[in-house]
Amino acid sequence: MFRFSLKSTCALCTCLFALLCGSFASFASAQEVVIDGKTYRKISVEEYRDKMKGGWIGQIAGVCWGAPTEFRYLHRMIPEEEMPQWTSEMINDAFGQDDLYVEMTFLHAMEKYGLDVSIRQAGIEFANSEYALWHANVHGRSNLRAGIAPPNSGRPEFSSCSDDIDYQIEADYSGLISPGIMNNAIRMGETFGALMNYGDGLYAGQFIGAMYSEAFFETDVVKIIESALQAIPQECQYAEMVRDVLAWKREFPNDWTACWQKINEKYHENPEYRKHSCSGASSDFNIDVKINGAFVLVGLLYGEGDLDQTIVLATRCGQDSDCNPSSAGGVLFTTLGFKALPPRFSEKLDETRIFSHTQYNFPALLDVCESLATQAVKKEGGFIREEDGVEYYYIPRVKPTPSKLTASANPTDEPLQGEQGNYTPEELKQIKFREYSQKDALEKFFDNFQVSHMGSDMHPGYRAEYRGKKNVFMTHPEDRVVGAILSKEIKASPYKALKFDIAHHRAGDQLGDFELIIKLNGQEVQRETICEETVGSDGWKEIVVDLAPYQGKDLVIELVNQPNGWSWEAAYFADLTWQK
């Protein structure tokens, strides 16, 4: 049934006026007009800002609500009774969340250099960030700091995490500044998502951005998902996942747990769908974009438009259960706008607080998004028109053009070579924090020790600083049994002793330990547990290895980071010195 409203009446009047003036050829709906044969979507600047503001609140609420559960439920659903309860005060837990502050780096880069900031400059801005990072983000940033220019920095040849979730959780900004402009969200992915991701890892963020873009004009989540699907290559595994979840929703319309089982069976248990994320193909821990993107869709589809249920179900799916409800909540809240939200989601928000490592409090964040959205509308061929004292965006309907098809497990293109693939000396001067490859770091700071049997978890290698010490080398065991080894062979050793400092992993509630085993010519001579109880107040322990019995003899030294429980098993080495 057609129902008249003030908005539709105003739109009808506008249409009749336009027809009389001869400037409009036809009028499709309250939000769609045709001008000189070209179709435009129309939204007031005020309504755009309200929806964009709602999207940020949904994103913030989702990550704060799900945060206590993050990666605590692996390969299983969260029982209903173990789901945290929302309180209005939780909204202020957002200011230190990487789900939020990373994308604000991208916004600031565009604020400084314009919407068309180059990917190389975007990489320099990301390289200069000082916040904590993990997974694809930390690999990408380390590559940038080592002089590997984007898009090489996010490619699988340079990162074992290129299908990790990182850009998927940071792409919300790209849709929030692209109302009805999916191609802008796609371009943002090619500029910022490629800093740390590739293939499905990149497409995931472009898909999320496209959902936000469509959410300014559509409230039906199925239509939003189907529209956003057109923004990524149809042959990629991520698109396959989206089609699967839509089909399973039709097969199990009222049973989200049955849909979860189907998702888990294909996108967790089948190694063909998790080939290039750092969690590997068999771990219960799964940070691949496909399964986590599927859980975003479970929240949207089975939440049935209910704000709480959308976040709750995306959380209860497990795995990255704060990022996923953040994406789901952000998209749904955008469809409604801030004014339609219950006060419990925003009434306690401290709008004066600055998001960690950014320039933005909440009002400033909204301002920069509106400014960039205006640029995006004009870049797409749209315009702003004032009507009866109200400003409107007129946004042309343009079919999305996906990025080229490739896959992290089988790249269809080659990395850029030479100066194209690396930062120039002039560009490197702009990067405040320099990093080194494992080989270069060992050569420069650890007297040419060699590393072997090192796994990829926790991104081992050079650290410019850790717990107050400079130029640190971090190792991580190959697996639960095989320890990482730093070794050096010395002919006719002139040394009486080897000294170095060592530390375990400690970051927030992440607390690790491991066994340090020291071998000389294959014989174990020392073994110590490195943990909170055995290190000093500064977090470090000095180790002295007696080499006097080996003076004048050939010597092989092995420093083994041996796992003892498989929980944050990293070892940090610093201040290596020899005594003659």
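The values are calculated or read from the model by the stated rules, or taken from the named source; none is laboratory data. Just so it is clear, the structure is predicted and the values come from calculations on it, not from any experiment. Every residue, glycine as well, gets a Cβ built from its backbone with ideal geometry; the counts of neighbours run over all protein chains shown. Side chains included, ligands, DNA and RNA excluded: accessible areas come from the protein's heavy atoms. Shrake-Rupley method; radii C 1.70, N 1.55, O 1.52, S 1.80 Å.
Look through segment 66-94, keep the residues that are open to solvent by less than 10 Å² (accessible area, probe 1.4 Å) and in contact with a Ser or Thr (Cβ under 8 Å, 6 or more places away or on another chain), and return whichever of them is farthest from Asp350 (Cα to Cα).
Ile78
Considering every residue within segment 221-228, establish whether at least one is in contact (Cβ under 8 Å) with a residue 40 or more places away in the chain, surrounded by fewer than 18 Cβ atoms within 10 Å (Cβ to Cβ) and not β-branched (Val, Ile, Thr).
Checked against the condition, which is being in contact (Cβ under 8 Å) with a residue 40 or more places away in the chain, surrounded by fewer than 18 Cβ atoms within 10 Å (Cβ to Cβ) and not β-branched (Val, Ile, Thr), segment 221-228 yields no hits at all.
Output the number of residues of segment 247-258 satisfying the condition of being crowded, with 16+ Cβ neighbours inside 10 Å and either without any contact (Cβ under 8 Å) to a residue 24 or more places away in the chain or under 26 Å from the mean Cα position of the chain (by Cα) (or both).
Result for segment 247-258: 3.
What are the residue pairs meeting all of these: first residue in segment 67-81, first residue farther than 14 Å from Asn286 by Cα, second residue open to solvent by 50 Å² or more (accessible area, probe 1.4 Å) and hydrophobic (A, V, I, L, M, F, W, C), Cβ atoms under 8 Å, and 6 or more apart or on different chains?
Within 8 Å, no pair qualifies.
Residues in segment 211-218: is at least one hydroxyl-bearing (Ser, Thr, Tyr), at pLDDT 95 or above and open to solvent by less than 10 Å² (accessible area, probe 1.4 Å)?
Among the residues of segment 211-218, at least one is hydroxyl-bearing (Ser, Thr, Tyr), at pLDDT 95 or above and open to solvent by less than 10 Å² (accessible area, probe 1.4 Å), which makes the answer yes.
Please tell me if Gly461 is open to solvent by less than 10 Å² (accessible area, probe 1.4 Å), at pLDDT below 90 and closer than 14 Å to Tyr572 by Cα.
yes
Just the residues that are closer than 15 Å to Glu190 by Cα and either modelled with pLDDT under 95 or loosely packed, with under 15 Cβ neighbours inside 10 Å (or both), please, taken from segment 112-128.
Asp116, Ser118, listed by residue number.
Per-residue answers, yes or no, for (1) touching a helix residue (DSSP H, G or I) at 6+ places or on another chain (Cβ under 7 Å); (2) touching a residue at least 60 places away in the same chain (Cβ under 8 Å); (3) farther than 30 Å from Ile518 by Cα:
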residue: Arg434; (1), (2), (3): yes, yes, yes
residue: Gln438; (1), (2), (3): no, no, no
residue: Phe445; (1), (2), (3): no, yes, no
residue: Asn448; (1), (2), (3): yes, no, no
residue: Val451; (1), (2), (3): yes, no, no
residue: Met458; (1), (2), (3): no, yes, no
residue: Arg463; (1), (2), (3): no, yes, no
residue: Lys470; (1), (2), (3): no, yes, no
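Within segment 471-481, restricting attention to residues that are under 22 Å from Ser159 (Cα atoms) and assigned to a loop (DSSP other than H, G, I, E, B), which residue is least open to solvent (accessible area, probe 1.4 Å)?
His476
Touching a Phe, Trp or Tyr at 6+ places or on another chain (Cβ under 8 Å), open to solvent by less than 40 Å² (accessible area, probe 1.4 Å) and either under 16 Å from Lys488 (Cβ atoms) or modelled with pLDDT of 95 or more (or both): does that describe Ile517?
So Ile517 fails the test.
Output the number of residues of segment 513-547 satisfying the condition of being closer than 21 Å to Asn448 by Cα and either of a type outside the set (Lys, Arg) or within 34 Å of the chain's Cα centre (by Cα) (or both).
Residues that pass the stated criteria total 12.
Yes/no per residue for (1) buried (at least 24 other Cβ atoms within 10 Å of the Cβ); (2) touching a residue at least 12 places away in the same chain (Cβ under 8 Å); (3) more than 20 Å from Ala228 (Cβ to Cβ):
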| site | (1), (2), (3) |
| --- | --- |
| Asn324 | yes, yes, no |
| Gly330 | yes, yes, no |
| Glu351 | no, yes, yes |
| Thr358 | no, yes, yes |
| Gly389 | no, no, yes |
| Pro400 | no, yes, no |
